[in-house]
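S.K.: My structure is below; once you've seen it, I'll send some questions.
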Amino acid sequence: MKVTWKNADGTSISAEVAPGVSLMEAAIANNVPHITGDCGGNLACATCHVFVDADWSEKIGPPEDMEDGMLDITAVERTQHSRLSCQIIASEDLDGLVLHMPA
Amino acid sequence: MTVWAPTDNGHADITSHDSYLDGVPHNTFARLRQDDPLHWTEYSQGKAFWSVTRHADILAMNAKPAIFSSAQGIRMEDQTYEEYLARRTFQETDAPEHMMTRMKVAKAFSGPVIAGFEDAIRQLCAEILEEALSVSEFDATKTIARQLPMRMLGRILGLPDEDLPWLVEKGDALIANTDPDFTTHVLDKMTTDEFRMMPFNSPAGAELYVYAKDLMARKAAAGENNGVLNMILQPGKDGSTITDEEFRNFFCLLVAAGNDTTRYSIAAGIQAMCHQPELLEQMRSDGSIWETAGDEIIRWATPAIYFRRTATEDVEMHGKTIRAGDKVIYWFASGNRDETAFETPFKVDLSRKPNRHLSFGQGGPHVCLGMWLARLEVKILFQELAKRLGSIEAAGPHKFLRSNFVGGIKELPVRVTRN
């Protein structure tokens, strides 16, 4: 699937991501700024925070309880589109997904 | 250029505290990374264990806490189950228990909350540095590095100033419990098992328990309801609150971990400035390095040399089999010098980016809770130091802690001129 990370400064990074890989891991592999994934996808750090593009929000869905709790400690304040990208797993039906980066 | 060249012969006993008296035996770890990345390591004080020394392996294994558990101890030393239960903090738990506790304390140490302390940290740094730099020769660990984390912890926890030196002393006794300069109960030379049920196998743990309990009572009596401690005592989303036992263990952890690690990051950074003179110049002239400098200093320092896990199932790796129940040690100090993960790993490069160092235990659920505070303290301390310095050089040999666990320069004589 193709995913695009849009930075606050207007630049963007796009990459092909294999199904089954988390979008946190994909961001690190593609040197996407601001995503450090410090806890390795274990829901303990909130350093892979993204805003899901409004067009994709419904398809991606809301966070589960534990993720919802961690979204309270993100560096940039959460919105209704906030997700931790370690919990979004690449699959073909997400092809074209757009994620916005916190500043 | 390397800041200092490791002097071990490549075959040091990495379990022996004495092997760390001249710093981490990096030649030995370099050999292990190259020749035997999953090394069965004999240990004279207990059961042998697997040493994991490559950056990529540590990251991959740390992300699998269900297979490599924290709930049977996180230090090299073996513990009975009874000792484990009595001494553990939330560092020594797995999901979901670990997350339940972590959620209660995470907010207080999150990036945005910690960012609110920037002015307080800067003011403290200025006070500490003005005092330290009033003379031209001093021990930088004692007069700079040891001061900031202690005073800052006191500030954010709302502790009385007069208690701080005592807390630092107890924190040192807990963590540096293998160095006779810091405790009378040197762990590997102890002849008593009197303290085996106390945090860190140390009488200081018991004293901190009592202090934390009194502190809670005092705050409750005074009706104090602000500050980090109170944030931690608030009920979580599910309505549960932190238990007395969790609080006391957490308090011990704060005093021990909060003091030591940032101190030794600062000390290692000052040591690097003495040996790489261009660092001071970069700090003074290149504002852009501050986005990356703190993390590089923390990589360079690696104050937590290792943490341990225990395998919960058999795992095949590098042609060997880790058996369920085997101890596995992630050598962060080795991962942070891994040539395949870092260009010129033995050089301090303040603009290193990306810098996927492992000093905070990155890659796993136990990633350092205090990392935002540590980064901010280190950054601001060096900003304020560079502003005031004309030059800095070593004024004598520095001395490392006697510890295979805490990587720290305990004596760092320096000579300075003011800007």
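The values are calculated or read from the model by the stated rules, or taken from the named source; none is laboratory data. Note that the coordinates shown come from a computational prediction; the quantities given were computed from them, not determined experimentally. We place every Cβ from the backbone using ideal geometry, glycine too, and count neighbours over all the protein chains shown.
S.K.: Could you list, in sequence order, all residues of the stretch B:338-368 that are hydroxyl-bearing (Ser, Thr, Tyr), out of contact with any helix residue (DSSP H, G or I) (no Cβ under 7 Å at 6 or more places or on another chain) and surrounded by 21 or more Cβ atoms within 10 Å (Cβ to Cβ)?
M.R.: none
S.K.: Does B:Ala56 satisfy the condition of being touching a helix residue (DSSP H, G or I) at 6+ places or on another chain (Cβ under 6 Å) and either within 14 Å of chain A (Cβ to nearest Cβ) or modelled with pLDDT of 95 or more (or both)?
M.R.: Working: touching a helix residue (DSSP H, G or I) at 6+ places or on another chain (Cβ under 6 Å): no; either within 14 Å of chain A (Cβ to nearest Cβ) or modelled with pLDDT of 95 or more (or both): yes.
Considered against the rule, which asks whether it is touching a helix residue (DSSP H, G or I) at 6+ places or on another chain (Cβ under 6 Å) and either within 14 Å of chain A (Cβ to nearest Cβ) or modelled with pLDDT of 95 or more (or both), B:Ala56 comes out as no.
S.K.: From the set of residues in the stretch B:272-290 that are touching a Ser or Thr at 6+ places or on another chain (Cβ under 9 Å) and not charged (D, E, K, R), which is nearest to the other protein chains (Cβ to nearest Cβ)?
M.R.: B:Ser288
S.K.: Among residues belonging to the stretch A:25-69 that are within 9 Å of another protein chain (Cβ to nearest Cβ) and β-branched (Val, Ile, Thr), point out the one that is farthest from B:Ala56 (Cα to Cα).
M.R.: The selected residue is A:Thr47.
S.K.: Right, another one. Could you go through the stretch B:369-384 and let me know if any residue there is of a type in the set (S, T, N, Q), more than 20 Å from the chain's Cα centre (by Cα) and surrounded by fewer than 21 Cβ atoms within 10 Å (Cβ to Cβ).
M.R.: Within the stretch B:369-384 (the criterion being of a type in the set (S, T, N, Q), more than 20 Å from the chain's Cα centre (by Cα) and surrounded by fewer than 21 Cβ atoms within 10 Å (Cβ to Cβ)), the answer is yes, since at least one residue qualifies.
S.K.: Output the residues belonging to the stretch B:282-317 that are loosely packed, with under 13 Cβ neighbours inside 10 Å and more than 24 Å from the chain's Cα centre (by Cα). Outline the logic, then answer.
M.R.: To start, the set of residues in the stretch B:282-317 that are loosely packed, with under 13 Cβ neighbours inside 10 Å comprises B:285-288, B:291, B:313-314, B:316.
Selection gives B:Ser285, B:Asp286, B:Gly287, B:Ser288, B:Glu313, B:Asp314, B:Glu316.
S.K.: Could you tell me how many of the residues in the stretch A:70-103 are over 9 Å from the mean Cα position of the chain (by Cα), away from chain B (no Cβ under 11 Å) and among the small types (Gly, Ala, Ser)?
M.R.: Total satisfying the criteria: 4.
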